[in-house]
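The values are calculated or read from the model by the stated rules, or taken from the named source; none is laboratory data. Owing to the predicted nature of the structure, the values given are computational and were not obtained by experimental measurement. Because the Cβ atoms are built from the backbone with ideal geometry, glycine has one as well, and the counts that use them run over all protein chains shown.
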Amino acid sequence: MADTTAFSLDSAGKPGKATGGFAAVRRPFNAVYNGVSFLLWRPTWDLSDARSGAASWGWAPQLALVTAAAVYVAALCANAHRNGAEWSKLAFYLCIAGFIVPVAVRTVWPSTSRWERIWLLVIATLGLFLIKIVRAPIGFIDHDEFLHWRAALDILETQQLFTHNPLLPVSSFYPGLEIATAGLASVSGLSVFAAGSLVVLFARLIQVCALFILYARITGSSRVSALGCLVYMGCSTFVVFNAQFSYESLALAFLLVAFFLAVALQQAQRASLGVIAVLVCVVSALATTHHVTSYALAGLLLGYAVLELFRGAYATRLGRALLISAFAILVPLAWSKIVGSSGGSYLGRIFEITIHGVEDMLQSFGGDRQLFVGADGTAAPVWQRSTAIAAVLLTCMALACGFLRALDKAGLKIERVKFRFLLTWTNSALLLLTLLTLTYPVSVVLRLSSFGWEFGNRLSTIAFLGVGVVVAVAALGFWWVDRYERLSSAVIGALAGVLVLGGIIGGVGQFVLVSPTYRVVADSDSIEPMGISAAHWARTWLGPNNTFMADRVNRLLFSTYGRQRAVEVGDSSPLLAKKIGEKERLSMLRSQAAFAVIDMRLTYELPVFGFVLDSGSEKAMPVYEEPLDPMVLLKFGRQPGVSRVFDNGYMTIADIRVLSDD
Amino acid sequence: MISCLIPPLLSGPGSQLAIAEGHVTAASALVGLAAAGVIWMIGSGLTKRALADTASNFEALVVSGAVALALVIGLGLILHGIGHLNATGWLVSIGVLAILTFPYLGGSIALFTGILCRRPHMSGRDALMLASAVILSVVAIQEARNGAFSHREFAFTELWLLRDGDKASDQFVLGFTNHERVTAMYGLDILVDGRLVDVWNGIEVEPGKSWITALSLPGAAGPSRRVEGLLYKNGDRETAYRRVWVESGA
């Protein structure tokens, strides 16, 4: 590191003035050393906004129109896909690239103003949200959305919070999103779908803008910040999962605003009571909205405080950081104590499943999950696989090129004092975000396991907070070539497009558009009008709150459209038993199930997710290798005293009270 | 015994996806918009005051969005506590909060005007393009909605049979709804313990419509009695198209 013959760092920061070149090889290995140093830490071009122009709209109106046109074509593609057009999925992805790439190209252009960059981010955020709406334009279709829809319906109907949600009991204790949605719905008369979509859209705009101002505070560059935000949109959870009507969609906005406020407070000369009050307000709101995100914020703030401690910050600043992190830890704990949340056991289950997955993965020296292949054997097309793999490789490459450069920007230095090496740095927030990227490979590896996949996917949401800024530093600090501005912008814009498309494929893959035909246990591909009509029938003719036993998808439909009470997943096991034995009778006695939904379509093909009820309840069971035996579902009809009260040719509803009564 | 044709609850299975739990009108939408606007004004006023020396206008604007959402959550918790978590409770509490924070509303005005005054000039051409983008986005969503509504994979008929009353009741409700997308001709058989007790033929039902009848079957509630309904379609009397039954034990 002491050798400075290759490229010098640009701590002075003159635009595009990296000095030096490969020096003559002075000693063996110098060439190798210079090559590696060139790739990993030298040079770093100027990242400041020195060349940014005066505030102007620039290309923002034109790109808004391009985005809207791309969304319109995407809507046509979604309709074509419903009619079975095979080309439509590729065209749908190209529509997304059609506005992300030009937005990214313009964003990294050196003379683009800060004002324009903010608008470009808003346009990209709106565009991606509209893509999500085009995917599901008339109702909720994703699994988690139904869980929170049920909670919001309960609030609207009972005018009470904390009512038991049979679909996701823990969500009752974190009603932040549902409060905001129910409030808007009850005042405006909008449906939960419309009100929830507006709340999530608002939260999403806050989320992206908060990330921008956070990066801008840390790096001092609107160019790096805007590109970092676009890279963040390449996270596998960004476009669909975190845009769902689900508590983390709102919680992420609170997390980023709270982290920004913590950084702003540290940077301020004096502690401002106003900032602290706002921070308390936001952290408290987060604690009532989502448990995992609350703990993630607590972890981030604690890490920040620890770095400030070792940085040797002034006692008052250190005190502030420690106080804030302590508050961020205590508030969610206090909230879960106050409401009597079982969040601990819920999180414990997730960790247990993840650890189980990691163990399996280590035992099998790889992963038990076949990438890009569903449990039913359907494989993703080659172009999807290539894009997703390219996005991961690109991210890894950018992290390799940007990691040390970002550390350098954080002011990290290794000083030798006698026989000791001392680490010093000036920017704890940037250092923290850079270190956070170390969790990215972990999130990728966890995806190789079918049980660790979910945890890995969610971990990437946090990992990408660091990935965004580090990849932006690599792209603008190393890949950018001043002499070829147009080419550099185009390349970086195209790479941002690959990242975003790869993220979507990694997150939802084949489910990006709703399948034209019903698929067995495939969540969004299994939600269709006939099942909804059956659920409506139950609500109209049986009345609400009957206890129902059903498979994963019908649990969702009957709990929301049907307003029925689904039994616990574990108590639904009699549905899949070959006969009603003593164990099944005990289970039905316990759950007091009154009706069972018998969906014969479950026997048509292999369940896409590999299970019929839910992942948790069947983790000990082998994945289905052949479609469900129809006789398993027909057993209720052979039981004396059991009635078939509803029949639509594919689904029947059995009155099984005779089996559940003492 | 009565039988009738009733309009469907909804115009078709596709439209059931869009069922609205509420009924939005222009007035209620305006009230909702105004309530959301007032909450954001309150949030931005408080934020501007709190972050006066720490954050730029844009930073304060972003934070104010989160503060507004936090205020909504806080209000919701309070309304739950006092048992008024409904539209009236929301409107009154937002009004009270606006009065209480009135001195801070100046900060909100300063924040928004600060941003608006510094905005760069927008030419007529740019404004036209932005307006076109908004219109095109709305058209795109409408296009997607039309496509989703019109997509129906399954054509089907729902048949149901329910006992009207407790286990001892001999009153039943039988009905079916045509979701076949075309008008269909139906026939119905009612059996008690396998014995044919009633027959209907030539029931013509339009798509989306239901046919419902009340059945009085004296003695059908006795021990081991089974009331069964068989539905036939388009004159095919060989195979029952749909089949439902109610057992006395149920």
(request) Take the residues in region B:129-156 that are under 19 Å from B:R181 (Cβ atoms) and more than 7 Å from chain A (Cβ to nearest Cβ), then tell me which one is surrounded by the fewest Cβ atoms within 10 Å (Cβ to Cβ). (result) B:S150
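Looking at this structure, is B:W211 more than 13 Å from chain A (Cβ to nearest Cβ), at pLDDT 95 or above and assigned to a strand (DSSP E or B)?
On the way: more than 13 Å from chain A (Cβ to nearest Cβ): yes; at pLDDT 95 or above: yes; assigned to a strand (DSSP E or B): yes.
Yes.
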(message) Among the residues of region B:58-103, what is the count of those that are within 11 Å of chain A (Cβ to nearest Cβ) and either closer than 25 Å to A:Y215 by Cα or more than 32 Å from the chain's Cα centre (by Cα) (or both)?
(response) 13
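Could you check region B:30-51 and list, in sequence order, the residues that are assigned to a helix (DSSP H, G or I) and among the aliphatic types (A, V, I, L, M)? Please lay out each step first, then the result.
Kept after step one, since they are assigned to a helix (DSSP H, G or I), are these residues of region B:30-51: B:30-50.
Matches in region B:30-51: B:L30, B:V31, B:L33, B:A34, B:A35, B:A36, B:V38, B:I39, B:M41, B:I42, B:L46, B:A50.
Residues A:I100, A:I131: which one is more than 11 Å from chain B (Cβ to nearest Cβ), surrounded by 24 or more Cβ atoms within 10 Å (Cβ to Cβ) and at pLDDT 95 or above? Walk me through it before giving the result.
On the way: A:I131 fails: more than 11 Å from chain B (Cβ to nearest Cβ).
The conditions single out A:I100.
So, of the residues in region A:504-542 that are polar (S, T, N, Q) and buried (at least 21 other Cβ atoms within 10 Å of the Cβ), which turns out to be nearest to A:F238 (Cα to Cα)?
At the first step, the residues of region A:504-542 found to be polar (S, T, N, Q) are A:510, A:515, A:517, A:524, A:526, A:533, A:540.
With buried (at least 21 other Cβ atoms within 10 Å of the Cβ) added as a condition, the list becomes A:524, A:526, A:533.
Working: A:S524: 17, A:S526: 23, A:S533: 32 Å.
Within region A:504-542, the match that is nearest to A:F238 (Cα to Cα) is A:S524.
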(request) For region B:61-116, enumerate the residues that are among the hydroxyl-bearing types (S, T, Y) and either without any contact (Cβ under 8 Å) to a residue 40 or more places away in the chain or in a helix (DSSP H, G or I) (or both). (result) B:S64, B:T88, B:S93, B:Y104, B:S108, B:T113
(request) Among residues belonging to region A:164-198 that are more than 12 Å from B:N86 (Cα to Cα) and free of Cβ contacts under 8 Å to residues at least 12 places away in the same chain, point out the one that is surrounded by the most Cβ atoms within 10 Å (Cβ to Cβ). (result) A:L190
(message) Regarding region A:489-512, can at least one residue be identified that is within 14 Å of chain B (Cβ to nearest Cβ) and closer than 30 Å to B:T157 by Cβ?
(response) no
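May I ask you to list the residues in region B:164-179 that are in contact (Cβ under 8 Å) with a residue 40 or more places away in the chain, within 17 Å of B:R242 (Cβ to Cβ) and not polar (S, T, N, Q)?
Selection gives B:F172, B:V173, B:L174, B:F176, B:H179.
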(request) Might you check whether a residue that is within 30 Å of B:G45 (Cβ to Cβ), surrounded by 14 or more Cβ atoms within 10 Å (Cβ to Cβ) and within 11 Å of another protein chain (Cβ to nearest Cβ) occurs anywhere in region B:112-119? (result) yes
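Kindly provide the set of residues from region A:643-662 that are closer than 16 Å to A:G562 by Cβ and hydrophobic (A, V, I, L, M, F, W, C), ordered by number.
Of all residues in region A:643-662, those closer than 16 Å to A:G562 by Cβ come to A:645-646, A:648, A:651-655.
A:V645, A:F646, A:M651, A:I653, A:A654, listed by residue number.
Let's see how each residue does on (1) closer than 19 Å to A:L393 by Cα; (2) surrounded by fewer than 23 Cβ atoms within 10 Å (Cβ to Cβ):
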residue	(1), (2)
A:R420	no, yes
A:L423	no, yes
A:P441	yes, yes
A:T461	yes, yes
A:L465	yes, no
A:V470	yes, no
A:W479	yes, yes
(request) List the helices (runs of 4 or more DSSP H) that sit entirely inside region A:554-662 and contain at least 3 residues that are of a type in the set (A, V, I, L, M) and touching a residue at least 40 places away in the same chain (Cβ under 8 Å). (result) A:630-634
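Does A:G531 fit the bill of being within 10 Å of another protein chain (Cβ to nearest Cβ) and at pLDDT 95 or above?
On the way: within 10 Å of another protein chain (Cβ to nearest Cβ): yes; at pLDDT 95 or above: yes.
Yes; evaluated as a whole, the condition is true for this residue.
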(request) Assess whether A:W119 counts as being part of a helix (DSSP H, G or I), touching a residue at least 12 places away in the same chain (Cβ under 8 Å), closer than 19 Å to A:G497 by Cα and not polar (S, T, N, Q). (result) yes
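Could you count how many residues in region A:76-113 are in a loop (DSSP other than H, G, I, E, B) and without any contact (Cβ under 8 Å) to a residue 24 or more places away in the chain?
First, the residues of region A:76-113 that are in a loop (DSSP other than H, G, I, E, B): A:83-87, A:109-113.
Narrowing the set further to residues that are without any contact (Cβ under 8 Å) to a residue 24 or more places away in the chain leaves A:85-87.
Total satisfying the criteria: 3.
Looking only at region A:271-280, which residues are within 7 Å of another protein chain (Cβ to nearest Cβ), assigned to a helix (DSSP H, G or I) and over 28 Å from the mean Cα position of the chain (by Cα)? Can you show your working first?
Just the residues of region A:271-280 that are within 7 Å of another protein chain (Cβ to nearest Cβ), to begin with: A:272, A:274-275, A:277-278.
Filter once more, keeping what is assigned to a helix (DSSP H, G or I): A:274-275, A:277-278.
If the condition is that a residue be within 7 Å of another protein chain (Cβ to nearest Cβ), assigned to a helix (DSSP H, G or I) and over 28 Å from the mean Cα position of the chain (by Cα), then A:G274, A:V275, A:A277 are the ones that fit.
Got at least one residue in region A:517-539 being in a helix (DSSP H, G or I), touching a helix residue (DSSP H, G or I) at 6+ places or on another chain (Cβ under 8 Å) and free of Cβ contacts under 8 Å to residues at least 12 places away in the same chain?
So in region A:517-539, the residues in a helix (DSSP H, G or I) come out as A:523-525, A:529-539.
Those left that are additionally touching a helix residue (DSSP H, G or I) at 6+ places or on another chain (Cβ under 8 Å): A:523-525, A:529-536, A:538.
Cutting the leftovers down to free of Cβ contacts under 8 Å to residues at least 12 places away in the same chain gives us A:529.
Checked against the condition, which is being in a helix (DSSP H, G or I), touching a helix residue (DSSP H, G or I) at 6+ places or on another chain (Cβ under 8 Å) and free of Cβ contacts under 8 Å to residues at least 12 places away in the same chain, region A:517-539 yields at least one hit.
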(message) Would you confirm, using the coordinates I've provided, whether B:H80 is modelled with pLDDT of 95 or more and more than 21 Å from A:V263 (Cα to Cα)?
(response) yes
(request) Within region A:200-215, track down each residue that is facing another protein chain (nearest Cβ under 10 Å) and touching a residue at least 40 places away in the same chain (Cβ under 8 Å). (result) A:A203, A:L205, A:I206, A:Q207, A:V208, A:C209, A:A210, A:L211, A:F212, A:I213, A:L214
(message) So if I check each of A:V257, A:V283, which one is buried (at least 24 other Cβ atoms within 10 Å of the Cβ) and facing chain B (nearest Cβ under 8 Å)?
(response) A:V257
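Being of a type in the set (A, V, I, L, M, F, W, C) and buried (at least 21 other Cβ atoms within 10 Å of the Cβ) narrows it down to one of A:V645, A:V658, A:V632, so name that one. Outline the logic, then answer.
Working: A:V658 fails: buried (at least 21 other Cβ atoms within 10 Å of the Cβ); A:V632 fails: buried (at least 21 other Cβ atoms within 10 Å of the Cβ).
Unique residue meeting the criteria: A:V645.
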(request) Tally the residues that are within 28 Å of B:A68 (Cα to Cα) and touching a Leu at 6+ places or on another chain (Cβ under 9 Å), restricting the search to region B:115-132. (result) 2
